[in-house]
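The values are calculated or read from the model by the stated rules, or taken from the named source; none is laboratory data. These numbers were taken from a predicted model, which means no experiment stands behind them. Here Cβ is always computed from backbone atoms with ideal geometry, including for glycine, and neighbour counts include all displayed protein chains.
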Amino acid sequence: MSFLFDTHLLLWAAASPDRLPELARDILANPTLQVAFSPASIWEVAIKTSLGRPDFQVDAKRLHRGLLAAGYRDIGITSAHTAAVADLPPVHKDPFDRLLVAQAKLEGLTLITSDPLVARYPGDIRLA
């Protein structure tokens with residue numbers, strides 16, 4: 001089984017593992033499970049860090065290198081992913097989260113999120 005972690009879970013896994021919800025910790029502790037990340041999360045970190053957001057004070061390049069070194073799979077973004085955003089109901093306005101939902105759906109991944117609003121989308125999405 002493969003999972004896609006949302007941006008906050010990736011940040012916590014990299015810098016504050018004690019903040020990770022139990023579900024995310026259990027997934028990471030199981031060597032038979034694969035965890036992926038989206039370039040949308042790295043992009044979100046880069047943009048929000050440059051805007052001075054206090055909850056995004058992370059070097060995006062360092063985060064990217066660290067995720068790859070930890071064995072996370074980079075799933076990439078395709079035009080099919082971006083086009084699939086148009087099929088989503090208007091549950092959430094955040095473009096990064098909407099892209100994560102579309103990617104998880106198209107790639108057959110379970111999206112693990114810390115955002116209750118994102119968890120309201122239909123599909124294989126779990127609130128951690």
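Please verify whether region 69-79 includes one or more residues that are among the acidic types (Asp, Glu) and surrounded by 12 or more Cβ atoms within 10 Å (Cβ to Cβ). Yes, some residue in region 69-79 is among the acidic types (Asp, Glu) and surrounded by 12 or more Cβ atoms within 10 Å (Cβ to Cβ). Restricting 111, 63, 100, 68 to those that are hydrophobic (A, V, I, L, M, F, W, C) and either touching a Gly at 6+ places or on another chain (Cβ under 6 Å) or farther than 14 Å from residue 7 by Cβ (or both) reduces the list to 68.
Yes or no, residue by residue, for (1) among the aliphatic types (A, V, I, L, M); (2) modelled with pLDDT of 95 or more; (3) within 20 Å of residue 128 (Cβ to Cβ):
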{"site": "37", "(1), (2), (3)": "no, yes, yes"}
{"site": "49", "(1), (2), (3)": "no, no, no"}
{"site": "68", "(1), (2), (3)": "yes, yes, no"}
{"site": "82", "(1), (2), (3)": "no, yes, no"}
{"site": "85", "(1), (2), (3)": "yes, yes, no"}
{"site": "89", "(1), (2), (3)": "no, yes, no"}
{"site": "115", "(1), (2), (3)": "no, yes, yes"}
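Restricting to region 23-39, and then to whatever is part of a helix (DSSP H, G or I) and in contact (Cβ under 8 Å) with a residue 24 or more places away in the chain, can you tell me which residue is farthest from residue 3 (Cα to Cα)? So the residue we want is 39. For region 40-52, residues that are out of contact with any Phe, Trp or Tyr (no Cβ under 6 Å at 6 or more places or on another chain), part of a helix (DSSP H, G or I) and free of Cβ contacts under 8 Å to residues at least 40 places away in the same chain total 4.
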